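Step one of this worksheet: look at the structure below.
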């Protein structure tokens, strides 16, 4: 069996963990994490990625905004769900709001490529968080698809696409083993179709 380099073995052990607590990455570590984000593929160097840091003392206020915005948008949030959401977020030491600036009429870079670049940046964040010994969870709850939450974080809905939050911190418990699918079951080798003679 081939021995994996330590860095690849570490990467292959990454998994999302929702339940985190303090401490969060310190200022130096957070800068390293965001430096990883801006190394995502970036067609035409748009540098569209944007991040809003919400520290623990401000998460409850954002939660209030998100719950009310979600209800105004027609979403049903039962009292038990609200209670659970607030309990979870009360432990989270850092939320990173995730958005990208839309280039609406860019002939060279269609929006799907801008979206993919944002996804790649978020994955780089998740990998860096993991490699530094922390955990995170990408959530598209908390009013992600309401203009109010996006705009409360400083992202005008006309110019930015908001894609959720990363809850970042120290894992509360060791990760449960997870069975991953064999990637080769999702893969095929393409061959050209022979041209009839």
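The values are calculated or read from the model by the stated rules, or taken from the named source; none is laboratory data. What you are looking at is a predicted structure, and each value in this text was computed from that prediction instead of being measured. For neighbour counting, all protein chains shown are included, and Cβ atoms are generated from backbone atoms with ideal geometry for every residue, glycine included.
Quick notes
- Within this structure, residue 10 passes the test of being surrounded by 13 or more Cβ atoms within 10 Å (Cβ to Cβ) and either out of contact with any strand residue (DSSP E or B) (no Cβ under 6 Å at 6 or more places or on another chain) or part of a helix (DSSP H, G or I) (or both).
- Residue list for segment 100-145, restricted to those being part of a loop (DSSP other than H, G, I, E, B) and in contact with a strand residue (DSSP E or B) (Cβ under 9 Å, 6 or more places away or on another chain): 102, 133, 134, 140, 141, 142, 144, 145
- Test: residue 154 is farther than 18 Å from residue 45 by Cα, in a loop (DSSP other than H, G, I, E, B), touching a residue at least 40 places away in the same chain (Cβ under 8 Å) and over 17 Å from the mean Cα position of the chain (by Cα): yes
- Residue that is farthest from residue 169 (Cα to Cα) [pool: residues in segment 102-118 that are within 16 Å of the chain's Cα centre (by Cα) and crowded, with 16+ Cβ neighbours inside 10 Å]: 114
- Yes/no for residue 140 being at negative phi and in contact with a helix residue (DSSP H, G or I) (Cβ under 6 Å, 6 or more places away or on another chain): no
- Residue, surrounded by the most Cβ atoms within 10 Å (Cβ to Cβ), within segment 125-137, restricted to residues that are within 9 Å of the chain's Cα centre (by Cα) and under 15 Å from residue 40 (Cβ atoms): 125
- In the condition set (1) in contact (Cβ under 8 Å) with a residue 24 or more places away in the chain; (2) closer than 24 Å to residue 19 by Cβ; (3) out of contact with any strand residue (DSSP E or B) (no Cβ under 7 Å at 6 or more places or on another chain), residue 177 is compliant with all but (1).
- Some residue of segment 91-98 being surrounded by 14 or more Cβ atoms within 10 Å (Cβ to Cβ), out of contact with any strand residue (DSSP E or B) (no Cβ under 6 Å at 6 or more places or on another chain), in a helix (DSSP H, G or I) and at negative phi: no
Rundown of residues vs (1) without any contact (Cβ under 8 Å) to a residue 24 or more places away in the chain; (2) touching a helix residue (DSSP H, G or I) at 6+ places or on another chain (Cβ under 6 Å); (3) under 23 Å from residue 100 (Cβ atoms), yes/no style:
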| site | (1), (2), (3) |
| --- | --- |
| 12 | yes, no, no |
| 17 | no, no, no |
| 32 | no, no, yes |
| 63 | no, yes, no |
| 72 | no, no, no |
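- Residue 174 passes every criterion in (1) modelled with pLDDT of 95 or more; (2) surrounded by fewer than 20 Cβ atoms within 10 Å (Cβ to Cβ) apart from (1).
- Residue in segment 20-28 that is more than 30 Å from residue 109 (Cβ to Cβ), assigned to a helix (DSSP H, G or I) and touching a residue at least 12 places away in the same chain (Cβ under 8 Å) present: no
- Residue in segment 78-89 that is crowded, with 17+ Cβ neighbours inside 10 Å, in a helix (DSSP H, G or I), in contact with a helix residue (DSSP H, G or I) (Cβ under 9 Å, 6 or more places away or on another chain) and in contact (Cβ under 8 Å) with a residue 40 or more places away in the chain present: yes
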